[in-house]
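Asks: My structure is below; once you've seen it, I'll send some questions.
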Amino acid sequence: MKGKLYGVGVGPGDPELMTLKALRIINRTNIIAVPDTGSESNVALEIAAKAADLGMKEILRLHMPMTKDSNALNASHDEAARVVTGKLDAGGDVAFLTLGDPTIYSTYMYVHKRITEAGYETVIIEGVPSFCAAAAKLGISLCEGPQALHIIPAAYQYENVTQLSGTRVLMKSGKVFHTVLEQLERDGLPDKAMMVERCGMNGERIYHNLREIREIDEEKSYFSIIILKE
């Protein structure tokens, strides 16, 4: 009998925000898969390890480069799917860990699609999204009444963010983090934008306006959520 693939959202950083279902799946699955971007650490794995005993589990580190090169990305996703299906064919269940929720800008979904299309059984275990946790830290609502909520990958599109109505959440700013700040400055909005850096993780910082920010490096900016209210 072939194994089953689980895409498991471990939440934004605080292990107490992992769902009971995510923890149950991790505990009962002997093979844990995580994306390997070349860094020595893996945040999703570290979060899970604080809530579950991973000592006896097989860890699959799947090469997933941090690049916009579509050819390189497709090749890495194909290879990751090949490795995972090998484990499934041998009868093993695999829990692929991802930050936040698997359905929101998650590398897991590229592997999920390939393995689902190949006829294997797959299950998505939802998690707490980082922007919901960030709003809670800030003590604000994301949207009320007729307000729209926009979730925006800042590394790909940020130029027209201030023209959107409602609440705008900027995720994954990465290398354009300071460019986004400059854009908000030009539009006269740094006092209206808020940010949570490393939400639920070590080194968490909360900014109620972006004038509080002096310097922030690229690694930290990747784990920062900017919320711009209307």
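Asks: Exactly one of (1) in contact with a helix residue (DSSP H, G or I) (Cβ under 8 Å, 6 or more places away or on another chain); (2) over 30 Å from R205 (Cβ atoms) is unmet by T98. Its number?
Replies: (2)
Asks: Limited to the range 9-20, what total is found for residues that are surrounded by 15 or more Cβ atoms within 10 Å (Cβ to Cβ) and either in a helix (DSSP H, G or I) or among the charged types (D, E, K, R) (or both)?
Replies: Residues in the range 9-20 being surrounded by 15 or more Cβ atoms within 10 Å (Cβ to Cβ) and either in a helix (DSSP H, G or I) or among the charged types (D, E, K, R) (or both): 3 in total.
Asks: Next up: So is I213 surrounded by fewer than 20 Cβ atoms within 10 Å (Cβ to Cβ), touching a residue at least 40 places away in the same chain (Cβ under 8 Å), not hydroxyl-bearing (S, T, Y) and not assigned by TED's automatic domain parsing to the domain that holds I47 or not?
Replies: No, not satisfied.
Asks: Name the single residue, out of those in the range 114-135 being within 14 Å of K4 (Cα to Cα) and of a type outside the set (V, I, T), that is nearest to the chain's Cα centre (by Cα).
Replies: From the range 114-135, those within 14 Å of K4 (Cα to Cα) are 114-125; that's our starting set.
Still in the running and of a type outside the set (V, I, T): 114, 117-121.
Details: R114: 20, E117: 23, A118: 25, G119: 26, Y120: 24, E121: 23 Å.
Out of the qualifying residues, it is R114.
Rundown of residues vs (1) among the acidic types (D, E); (2) more than 15 Å from the chain's Cα centre (by Cα); (3) in a loop (DSSP other than H, G, I, E, B), yes/no style:
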position: G3; (1), (2), (3): no, yes, yes
position: G7; (1), (2), (3): no, no, no
position: I32; (1), (2), (3): no, yes, no
position: L45; (1), (2), (3): no, no, no
position: R61; (1), (2), (3): no, yes, no
position: N71; (1), (2), (3): no, yes, no
position: A75; (1), (2), (3): no, yes, no
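Asks: For the condition surrounded by fewer than 13 Cβ atoms within 10 Å (Cβ to Cβ), outside the structural domain of A155 (by TED's automatic domain parsing) and of a type outside the set (D, E, K, R), what is the one hit in M56, M64?
Replies: M56
Asks: If you scan the range 165-194, which residues turn out to be more than 27 Å from M66 (Cβ to Cβ) and not small (G, A, S)?
Replies: Restricting attention to the range 165-194, the residues satisfying the condition of being more than 27 Å from M66 (Cβ to Cβ) are 165-167, 186-192.
Hits for the range 165-194 are T167, R186, D187, L189, P190, D191, K192.
Asks: Going through the range 158-178 one residue at a time, which ones are surrounded by 14 or more Cβ atoms within 10 Å (Cβ to Cβ) and modelled with pLDDT under 80?
Replies: Once the filter is applied, which keeps residues that are surrounded by 14 or more Cβ atoms within 10 Å (Cβ to Cβ) and modelled with pLDDT under 80, the range 158-178 yields Y158, V161, T162, K172, S173, G174, V176, F177, H178.
Asks: Going through the range 147-201 one residue at a time, which ones are assigned to a loop (DSSP other than H, G, I, E, B), of a type in the set (G, A, S) and at positive phi?
Replies: Within the range 147-201, G166, G188, G200 meet the criteria.
The values are calculated or read from the model by the stated rules, or taken from the named source; none is laboratory data. Owing to the predicted nature of the structure, the values given are computational and were not obtained by experimental measurement. Ideal geometry is used to build each Cβ from the backbone, glycine not excepted, and the neighbour counts take in all protein chains shown.
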